[in-house]
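Report on the following structure.
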Amino acid sequence: MIVKPKIRGFICITSHPDGCAANVQEQIDYVKSKGPVEGGPKNVLVIGSSTGYGLASRIVPAFSSGANTLGLFFEKPGTEKRTGTAGWYNTAAFEKAAAAEGLFAKSLNGDAFSHEAKSKAIDIIKNEMGPIDLVVYSLASPVRKDPDTGEAHRSVLKTTGGEYTNKNLNTDKGEIEEVTIGPATQEEIDNTIKVMGGEDWELWMNALDEAGVLADGVKTVSYSYIGPELTWPIYTDGTIGMAKKDLETVCERLDSKLRDKYNGSAYVSVNKALVTQASSAIPVVPLYISILYKEMKAKGLHEGCIEQIQRLFADRLYSEEIPLDENSRIRIDDWEMRDDIQEAVAKSWDTISNENLANLADFDGYQEEFLKLFGFGVDGVNYDAETDPETSPPSIT
C-alpha cells in the first residue's frame, strides 16, 4: 500500500509505518547521543506509552539506562486496506529497536482505565520483569469508563467562568479567526476531572502497591501544563486545569504514601507546549504554539518531546537533588516560560494577523511537527514506495 496523509480537523486518519519507524529511530539516536543517565531506572511501567511524551518516556529509560519497559495504550492495528494508528507503528518500531539491543519490551493494548489492564500488567511485572522502580502516567483520553460502575465519563474543553473569546489558528485553512468557548456545567467539570484528573493514576499505584510489585525507592511522575496567562481561561483556569489541580492533590497523597512505605516519591512534571495529538484539539493553543516555536527556535531553545523527556530524566528525576517549584512540581517548561520568550510571544500575539502570520509565527513548523506525529515528512522515507500496513509490535498482548 502507498500511504499519503489524510487530514480531518485536528487528526490525521492515516499513518505511515516506515515514517513512524524513522521518527522513533531519530528519537533513539538523540537519546544515545546524550549518553547514559546515571542512576536511571531499570524496570519501567509507562501508562500511555505510544505517542508524544509517553513514547519519549519509554525511549529515554530504555536507551539511556538499559531499562526493561512495559507500555500500555489503546491503538488500532492496520489491515490490508487501511493503516493502523501511529501509536501502533511507533510501538512496533520501539520494540524492534529494543530487541536488537537485548532489552525487554512488552506492550498491552486495551483500556488502561480497566481493572483487567491493571491485572495483566501486574502479571507481566511479577512473571517477567521484577519490581517496578519508575511508573510514568501519561494517559490522554477524552473518555473514561469507570471500572466499577461501567459509566462512561467524557471530558470537555470549556471555561469554568463565562464565555471566553480570543484568537485561534484554523490549522485546516492556515488562517487566524476568533473562537469563543462557553462555560462548563458543574457536571461537565466533574466529568473532566474524572477523565483527566488523578483518580486513575492513584488506582494504578494502589494496585501495584497491593500486588507487591513496587521497588524500594520507586518514583512515579505524571505530566501537566500551565502555560502563559493568555491560555489560562481555556487551560489552567478551565476544565482541564481543574483536572490538573486534582492531579496535584493526588500526587501529594501518593508522594506521602510512597515516601513512608518505599522511600519513594511522586511528582507532577509541568512540560512545555508542543504539537501533540492532544494539544492540537485545544482552541487557542495551536496559534500560541506556532508563535512560541518561532521565538524559541530563534533563540536556540526549541525542544520536542524527546528533548524534554531526556532533560527530565537527566537533569530532574535522576539528578542528585530534584529542583521543584513552590508547589512541589518539576518544571521543564522553564525555557518556554522565560521572561524574554513570553514577552516576545505576547508582543506577537497582540499584532498577529493573516497578513503577518508567516513573519510572526512558525506555522510551517507546526504543520511539519503535526504530520510527523503520523509518520509523514520524516527524512529518509520514500513516501512513493509501498509499505506494509499490517506491521505489528512483536510482543503485543
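For the range 265-339, applying the loop criterion from DSSP together with a ceiling of 14 other beta carbons within 10 Å to the trypsin sites (Lys or Arg not before Pro) yields LYS299.
Note on GLU177: accessible area is roughly 70 Å² with a 1.4 Å probe, heavy atoms of protein only.
Greater than 30 Å separation of Cα atoms is the criterion. Which listed pairs, LYS120/LYS194; LYS34/LYS173; LYS81/LYS272; LYS34/LYS158; LYS32/LYS158; LYS106/LYS245, meet it? Beyond 30 Å: LYS34/LYS173; LYS81/LYS272; LYS34/LYS158; LYS32/LYS158; LYS106/LYS245. Between the C-alpha center of the range 268-292 and that of the range 97-148 there is a gap of 26 Å. For the chain, carbon and sulfur atoms together expose 47% of the accessible surface, with a 1.4 angstrom probe and every protein chain in place.
When HIS302, HIS115, HIS153 are compared by accessible area at a 1.4 angstrom probe, the order from most to least is HIS115, HIS302, HIS153. Sequence-ordered 3J(HN,Hα) estimates for the range 290-306 from the Karplus curve with 6.51, -1.76 and 1.60 and θ = phi - 60° stand at 4, 5, 4, 4, 4, 6, 6, 5, 4, 9, x, 10, 5, 9, x, 4, 5 Hz, glycine and proline given as x.
In this structure, the amide hydrogen of ALA140, modeled 1.01 Å from its nitrogen in the peptide plane, lies closer than 5 angstrom to no residue at least 5 positions away or on a different chain. Computed from the C-beta positions of GLU177 and LYS347 and an R0 of 30 Å, the FRET efficiency is 0.90 to the nearest 0.05.
Computed on the chain, with alpha-carbon pairs under 8 angstrom and 6+ residues apart, the relative contact order is 24 percent.
Remark: the Cα gyration tensor places the range 103-149 in the prolate category, a/c being 1.5 or greater and a/b exceeding b/c.
When the listed pairs LYS42/LYS244; LYS219/LYS257; LYS297/LYS347; LYS6/LYS145; LYS294/LYS347 are checked against a 20 Å cut-off, the alpha-carbon distance exceeds it for LYS42/LYS244; LYS6/LYS145.
Compute log10 of I(q)/I(0) for the chain with the Debye formula, placing one identical point scatterer on every Cα and leaving out solvent, at q = 0.09, 0.10, 0.12 Å⁻¹, to two decimals. Log10 of I(q)/I(0), two decimals: -0.52, -0.65, -0.96. Applying 1/(1 + (r/R0)^6) with r as the Cβ-Cβ distance of ASN170 and LYS42 and R0 = 41 angstrom yields a FRET efficiency of 0.35.
When both bridge partners sit in the chain, DSSP labels roughly 30% of those beta bridges antiparallel. The slack in the chain from ILE7 to LYS32, taken as 0.36 nm per residue of separation less the alpha-carbon distance, amounts to 5.7 nm. Residues in the chain average 43 Å² of solvent-accessible surface per residue, probe 1.4 Å, ligands and nucleic acids excluded. Take the alpha-carbon centre of the range 1-68, take the same for the range 350-378, and report the distance between them in whole Å. After rounding, the separation between the Cα centres reads 22 Å.
With a simple spin-label model that places each label point 7 Å from the Cα along the Cα-to-Cβ direction, the separation between ASN354 and LYS261 comes to 5.8 nm. With all protein chains in place and ligands, DNA and RNA left out, the 1.4 Å accessible area ranks GLU343, GLU95 as GLU343, GLU95, largest first.
Estimated at the nearest 10 Å², the accessible area of GLU38 is 140 Å² with a 1.4 Å probe.
The values are calculated or read from the model by the stated rules, or taken from the named source; none is laboratory data. Predicted model, so just to flag it, every value in this text is computed and none were measured. Cβ coordinates were reconstructed from backbone atoms using ideal geometry, including for glycine residues, and neighbour counts include every protein chain displayed. For the accessible areas, the whole protein counts, side chains as well, though only heavy atoms, and no ligand, DNA or RNA atoms are used. Shrake-Rupley method; radii C 1.70, N 1.55, O 1.52, S 1.80 Å.
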